[in-house]
Amino acid sequence: MQNRNYAIRVYSELLSYAAYVGVGIKAYMPSFNYNEIFYARTTRNNQRFYSS
């Protein structure tokens, strides 16, 4: 049970940090599109996965 509570605490801190970073990026550059970061990588991974 201690491991579970520790994992929950660490994960919640990680999500909080990610939220702060996301807010900061949007504040600095309101037109920023998060999909641009992940699209190319996701496309490559999908091509590799479905071509096997």
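The values are calculated or read from the model by the stated rules, or taken from the named source; none is laboratory data. All figures in this text were calculated on a predicted structure; none of them were measured in a lab. Positions of Cβ are generated from backbone atoms using ideal geometry, with glycine treated the same way; all protein chains shown enter the neighbour counts. SASA here: full protein model, heavy atoms, side chains in, ligands and nucleic acids out. Shrake-Rupley method; radii C 1.70, N 1.55, O 1.52, S 1.80 Å.
Could you give the size of the charge dipole of the chain about its Cα centre, using +1 on the Cβ of each K and R and -1 on the Cβ of each D and E, expressed in debye and rounded to the nearest 20?
Numbers: 6 positive and 2 negative charges, 34 e Å.
The dipole of the chain has a size of about 160 debye.
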### Query
Which one is right for this structure if Rg and Dmax of the Cα atoms in Å is calculated from it: [x] 22.4, 59; [y] 9.6, 28; [z] 16.5, 43?
[z]
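Before I look further, what does the chain give for accessible area per residue, probe 1.4 Å, in whole square angstrom?
Details: 5210 Å² over 52 residues.
That works out to 100 Å² per residue.
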### Query
To the nearest 500 deg cm²/dmol, what mean residue ellipticity at 222 nm is calculated for the chain from DSSP H runs of n ≥ 4 alone, each contributing -39,500 (n - 2.57), summed and divided by the residues?
-29000 deg cm²/dmol
### Message
Accessible area of the chain with a 1.4 Å probe: how many percent of it is carbon plus sulfur?
### Response
61 percent
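Just tell me the longest site-free run in the chain, where the sites are chymotrypsin sites (Phe, Trp or Tyr not before Pro) in a DSSP loop having at most 15 other beta-carbon atoms within 10 Å.
With a cap of 15 other Cβ atoms within 10 Å, the longest stretch comes to 1-31.
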